[in-house]
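Asker: Pasting a structure below so you can have a look.
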Amino acid sequence: MRFVSMEDVEPGQLLGRTVYSGNGTVLLSAGVQLTVYMINTLKRIGVTMIYLKDPAFEDVEIEDMVSEVTKKAVFRDMSETLEAVRSGKEWSTRKISNSVDQLLTDVLSAKELLFQLTEIRTKDNAHYLHAVNVALLSSMIGYNLGLNYGQLKELTMGALLHDIGKSVALAEGADQDAVNKSHHTWKGFEFLKHKREFSLLVAHTALQHHERLNGSGLPRGLTSESIHLYAKIVAVANQYDNLISGEGGLAKKAMLPHEACEELMASSELLLDRDVLIEFNRIVSVYPTGTSVRLSTKEIGVVVRQHRGLPGRPVVRIIRSAGEDFEVKEVDLATETTVFIDAVLA
């Protein structure tokens with residue numbers, strides 16, 4: 001399986017991973033043979049990168065942190081929740097609580113995996129996918145920082161609902177990015193603090209996730225000591241997902257994972273918490289499996305495996321033609337210490 005730009009997709013190729021809508025229904029199933037119409041439709045709904053099946057890499061599998069069942073359930077529950085909020089209707093806190101339990105069950109059973117954003121982002125599912133990505137990444141960072149299950153559930157709940165204030169603002173016809181008490185973080189705080197089923201820290205996570213260590217953040221300009229750990233974690237996860245999706249006003253276009261990681265590290269101790277960033281860098285796949293890369297040796301290959309603890313040093317498979325046959329070799333960057341990834345070929 002390879003991860004490629006939509007611009008490089010051709011009719012007849014096989015889709016490598018299922019594409020979901022915002023409510024968890026299947027738009028295109030993995031294995032379907034892509035047609036011109038399908039390719040154009042994927043581009044129209046905002047898909048920029050996609051997984052394709054490739055005979056030369058058919059043994060390469062993307063290991064998911066969450067099951068298909070969990071993904072569908074969480075997407076559905078988040079879709080129903082945010083739609084209810086935007087419509088001013090009641091929503092089920094129990095469903096969200098159950099979704100978080102499902103997410104944590106999957107994450108804790110796959111805690112040795114590196115975090116890879118494997119779901120295909122569309123205009124329709126972007127909002128829900130962002131919430132799920134931030135929740136997954138936050139829970140993994142929290143686990144590495146030693147949080148117990150109760151704390152992890154509070155953190156993950158706050159991460160999943162960190163942007164709920166945007167839906168509240170839409171329901172009220174307000175500007176979600178207005179400052180002070182109209183900012184979406186305040187809207188989210190005021191909304192969540194009245195949900196007695198949730199810890200007040202869930203509301204504070206929504207309130208503080210745009211605060212920055214040097215006091216330059218919103219909505220209150222808090223400095224390091226006043227920002228809760230949950231919010232510091234969600235700030236990193238939120239900013240990373242925004243950078244790689246090109247959303248949130250952080251970048252003019254979507255960054256590649258290694259570019260986003262470099263951007264975040266440049267903010268260490270000034271904007272974002274250093275300890276949180278250290279754990280973030282231990283669990284995020286800098287070069288996701290299936291990505292085409294050029295090595296410092298000028299050889300071109302595809303990332304086929306990851307090393308837990310060494311996210312920047314994956315295994316790269318290089319295939320060369322040798323007459324009528326092909327020569328295949330794998331370069332393990334964890335042991336080939338003088339070889340580096342020179343560029344990502346997206």
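Asker: Could you grab me the full set of residues in the stretch 104-131 that are open to solvent by less than 10 Å² (accessible area, probe 1.4 Å), closer than 20 Å to Glu83 by Cβ and in contact with a helix residue (DSSP H, G or I) (Cβ under 6 Å, 6 or more places away or on another chain)?
Answerer: Ala131
Asker: Something else: Could you list, in sequence order, the residues of the stretch 83-98 that are charged (D, E, K, R), free of Cβ contacts under 8 Å to residues at least 12 places away in the same chain and either touching a helix residue (DSSP H, G or I) at 6+ places or on another chain (Cβ under 7 Å) or assigned to a helix (DSSP H, G or I) (or both)?
Answerer: Glu83, Glu90
Asker: Given the condition within 16 Å of Arg86 (Cα to Cα), open to solvent by 50 Å² or more (accessible area, probe 1.4 Å) and under 24 Å from the mean Cα position of the chain (by Cα), answer yes or no: does some residue in the stretch 182-194 qualify?
Answerer: No, that holds for no residue.
Asker: Scan the stretch 141-154 for residues that are farther than 10 Å from Val100 by Cα and either open to solvent by less than 10 Å² (accessible area, probe 1.4 Å) or touching a His at 6+ places or on another chain (Cβ under 8 Å) (or both) and jot them down.
Answerer: Ile141, Gly142
Asker: Condition test on Asp101, is it of a type in the set (Asp, Glu), assigned to a helix (DSSP H, G or I) and touching a residue at least 40 places away in the same chain (Cβ under 8 Å)?
Answerer: Judged against the criteria, Asp101 is a match.
Asker: Just checking, does the stretch 89-97 include any residue being polar (S, T, N, Q), at pLDDT below 95, surrounded by 15 or more Cβ atoms within 10 Å (Cβ to Cβ) and under 13 Å from the mean Cα position of the chain (by Cα)?
Answerer: Checking the stretch 89-97: not a single residue is polar (S, T, N, Q), at pLDDT below 95, surrounded by 15 or more Cβ atoms within 10 Å (Cβ to Cβ) and under 13 Å from the mean Cα position of the chain (by Cα).
Asker: To continue, here is another question. Going through the stretch 12-28 one residue at a time, which ones are of a type outside the set (Val, Ile, Thr) and under 26 Å from Arg317 (Cβ atoms)? Show your work before the answer.
Answerer: Of all residues in the stretch 12-28, those of a type outside the set (Val, Ile, Thr) come to 12-17, 20-24, 27-28.
Hits for the stretch 12-28 are Gly12, Gln13, Leu14, Leu15, Gly16, Arg17.
Asker: Also: Could you run through the stretch 202-230 and say how many residues are assigned to a helix (DSSP H, G or I), closer than 21 Å to Leu277 by Cα and out of contact with any Gly (no Cβ under 6 Å at 6 or more places or on another chain)?
Answerer: 7
Asker: Could you check the stretch 1-82 for strands (runs of 3 or more DSSP E) lying wholly inside it with 2 or more residues that are open to solvent by 40 Å² or more (accessible area, probe 1.4 Å) and closer than 29 Å to Ser97 by Cα?
Answerer: Correct list: 26-28.
The values are calculated or read from the model by the stated rules, or taken from the named source; none is laboratory data. Treat the numbers as computed from the prediction; the structure is a model and nothing was measured. Note that we place each Cβ from the backbone using ideal geometry, even for glycine, and neighbour counts take in every protein chain shown. The area values use the complete protein model at the heavy-atom level, side chains included, leaving out ligands, DNA and RNA. Shrake-Rupley method; radii C 1.70, N 1.55, O 1.52, S 1.80 Å.
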